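The values are calculated or read from the model by the stated rules, or taken from the named source; none is laboratory data. Keep in mind that what you see is a predicted model, and the values were worked out from it rather than measured. With ideal geometry, Cβ positions are generated from the backbone for all residues, glycine too; neighbour counts draw on all protein chains shown.
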């Protein structure tokens, strides 16, 4: 039988040996180390002028990792500030995003002339990627078998390079996935550009978004020219072999492999001889002198904001087809305009100086009137434009905004492709896929400890959302039940319910009739089993079913939605009263309300321009306004495209008859 004291000593020795091995690994770099909560860190003191990007390159960790372990560092570094840099050994724990980046760094080919890599983020689809990268769904599916069946967050896709040589005003770009050790400077050199050129092509590029695995857009006018990354670019120089030199010494002096010299000089098969003339393929970076200061200056651009110019007189254009009576759309646009004017009045009362230019832009797909209007000098002097309804109108205004560097707000469309490739665009109406992604995360956060039951059946199917929620639940090892909505639901659902905790019911349909059947069946459950708690989790259109509101309160229903009007809110009541006084009529009953839509949009963007100047997008996450209907939270989908509103409310109809609207955008 083993001696317990001896075993304990052996255990202590092995434990100390493991610590020693870990510290030896950490001591590969000449910095003091410290271990906190089981994580080993380098202690690093920030030097004058250093930024997060440069430090991340020094330690081969992501900027996100540094920020995660040093809260507050995203607001800027100070000389002498002490940072904890996580030591990432082979067994270091990685986040899913880090794992994705690592996978790209290990598997991405250096040659990106025909294809490049894209790491999927939440809410993206094969269709949206095809529009983002100017390719087709079929092409993406050809390079990625199975993608047509669905893609998932963190998946790495192979995307074909864009092959368009433009003969008109359209700019030509190709795409570049950032590889290990690449910097803004080296990528610029790869394409024979200045760092400023790359920055201009990617308005969303920053320290955080320039990282391994991320994709950037590169202005490029000869699409078929083959490009070699700067780190691998070489130039040939001649070397005269001196007496006593060896091939190994020559290779070491030029920092190249012996095999490379042999490949360029076939005569070496007979051996190295004095006075030979050798061709040496030397990396450009080795012979272009000390580029450190240039490199640092290039990387400094990533942490700089574009200077924003304050505005004395805000000039805003509202361009809409006010006379297009198709589907009575002209009435909704008129009300939108009237709500926008109330926002203008509010800003003027607060001291803003503003000029509003309002124009009718023509009907349907005919854009001649719009194009003529945009050719005037007064349009080119605007600070931002709101307008366009259909794809044709949006495309014309988008081209104008790019050509004149004017901010452009797309008020209604959810499906235009321009926002994916125009950094000046702000899309107010959220993407359905992004709303589902955010709602799925919100559900997990709110109901992870509940007993969850999905009820299938009915029209207006919401299976895209339900599939995403169920995937999230499985990833987090959370059980759920499914059942089909039938006339006997009240009986068949009882075995699935729990009396010890909340039972969240999620109908797979947004249809009013289906919802009404489910509510009636749940009432029967409560009549026979009063101990159950069964709140529902529902969809944006549920807010339009006014005759079901009492039942919502009965069960304590929740609704996710990007827009919602709290009729009991004092400011909403005041707006309705002001609207009636100004226009001598009530708001139309539409969902969303077009009058409040115009008011919210005007209030948000006029406030942004007034407070932050011409480049208000740099501070858009800090802009807070008391909107009446829409949640606002703008984010870029890529480094070069525009910003899309991803705002979301969670609305709760509690059993006391109260409605609580909580902004869950952030």
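Suppose we filter the stretch 294-324 for residues that are touching a residue at least 40 places away in the same chain (Cβ under 8 Å) and touching a strand residue (DSSP E or B) at 6+ places or on another chain (Cβ under 8 Å); how many remain?
Of the residues in that region, 10 qualify.
It is to be established whether one or more residues within the stretch 421-436 are farther than 24 Å from residue 563 by Cα, outside the structural domain of residue 125 (by TED's automatic domain parsing) and surrounded by fewer than 15 Cβ atoms within 10 Å (Cβ to Cβ).
no
Of the numbered conditions (1) closer than 30 Å to residue 630 by Cβ; (2) in a helix (DSSP H, G or I); (3) in contact with a helix residue (DSSP H, G or I) (Cβ under 6 Å, 6 or more places away or on another chain), residue 560 fails exactly one; give the number of that condition.
Residue 560 satisfies every listed condition except (2).
Which ones in the stretch 634-666 are surrounded by fewer than 20 Cβ atoms within 10 Å (Cβ to Cβ) and either under 24 Å from residue 342 (Cα atoms) or in the same structural domain as residue 538 (by TED's automatic domain parsing) (or both)?
Within the stretch 634-666, 661, 663 qualify.
Would you confirm, using the coordinates I've provided, whether residue 624 is in contact with a helix residue (DSSP H, G or I) (Cβ under 9 Å, 6 or more places away or on another chain), in a helix (DSSP H, G or I) and free of Cβ contacts under 8 Å to residues at least 60 places away in the same chain?
Numbers: in contact with a helix residue (DSSP H, G or I) (Cβ under 9 Å, 6 or more places away or on another chain): yes; in a helix (DSSP H, G or I): no; free of Cβ contacts under 8 Å to residues at least 60 places away in the same chain: yes.
Taking the combined requirement at face value, the residue does not satisfy it.
Within the stretch 350-368, restricting attention to residues that are free of Cβ contacts under 8 Å to residues at least 12 places away in the same chain and under 16 Å from residue 609 (Cα atoms), which residue is surrounded by the most Cβ atoms within 10 Å (Cβ to Cβ)?
350
If I ask for residues that are modelled with pLDDT under 90 and more than 13 Å from residue 381 (Cβ to Cβ), which ones from the stretch 303-326 would you list? Outline the logic, then answer.
As a first pass, look at the stretch 303-326 and keep what is modelled with pLDDT under 90: 303-311.
303, 304, 305, 306, 307, 308, 309, 310, listed by residue number.
Can you list residue pairs whose Cβ atoms sit under 7 Å apart, with the first residue in the stretch 522-539 being touching a residue at least 60 places away in the same chain (Cβ under 8 Å) and the second being in a loop (DSSP other than H, G, I, E, B)? Count only pairs 6 or more apart in sequence or on different chains.
Cβ pairs passing all conditions: 539/462; 539/510.
Given the options 581, 586, name the one that is assigned to a loop (DSSP other than H, G, I, E, B), without any contact (Cβ under 8 Å) to a residue 24 or more places away in the chain and in the same structural domain as residue 332 (by TED's automatic domain parsing).
586
Can you find, within the stretch 124-141, the residue that is surrounded by the most Cβ atoms within 10 Å (Cβ to Cβ) among those that are in a loop (DSSP other than H, G, I, E, B) and out of contact with any strand residue (DSSP E or B) (no Cβ under 7 Å at 6 or more places or on another chain)?
Applying the filter and picking the extreme gives 124.
Which number in (1) touching a residue at least 60 places away in the same chain (Cβ under 8 Å); (2) surrounded by 21 or more Cβ atoms within 10 Å (Cβ to Cβ); (3) assigned to a helix (DSSP H, G or I) marks the one condition that residue 401 misses?
All conditions pass for residue 401, except number (1).
What single numbered condition from (1) part of a strand (DSSP E or B); (2) without any contact (Cβ under 8 Å) to a residue 60 or more places away in the chain; (3) within 22 Å of the chain's Cα centre (by Cα); (4) over 29 Å from residue 197 (Cβ atoms) fails to hold for residue 650?
The number of the failed condition is (2).
For the stretch 589-601, which residues satisfy the criterion of being in contact (Cβ under 8 Å) with a residue 12 or more places away in the chain and outside any helix (DSSP H, G or I)?
Within the stretch 589-601, 590, 591, 592, 593 qualify.
Can you tell me which residue in the stretch 437-451 is surrounded by the most Cβ atoms within 10 Å (Cβ to Cβ), limited to those that are closer than 25 Å to residue 631 by Cβ and more than 21 Å from the chain's Cα centre (by Cα)?
The selected residue is 447.
What are the residue pairs meeting all of these: first residue in the stretch 653-666, first residue without any contact (Cβ under 8 Å) to a residue 24 or more places away in the chain, second residue assigned to a strand (DSSP E or B) and surrounded by 14 or more Cβ atoms within 10 Å (Cβ to Cβ), Cβ atoms under 6 Å, and 6 or more apart or on different chains?
Pairs found: 660/652; 662/650.
What number of residues in the stretch 482-521 are farther than 13 Å from residue 455 by Cα, in contact with a strand residue (DSSP E or B) (Cβ under 7 Å, 6 or more places away or on another chain) and free of Cβ contacts under 8 Å to residues at least 12 places away in the same chain?
0
If residue 408 passes every condition in (1) modelled with pLDDT under 95; (2) crowded, with 21+ Cβ neighbours inside 10 Å but one, which one does it miss?
(1)
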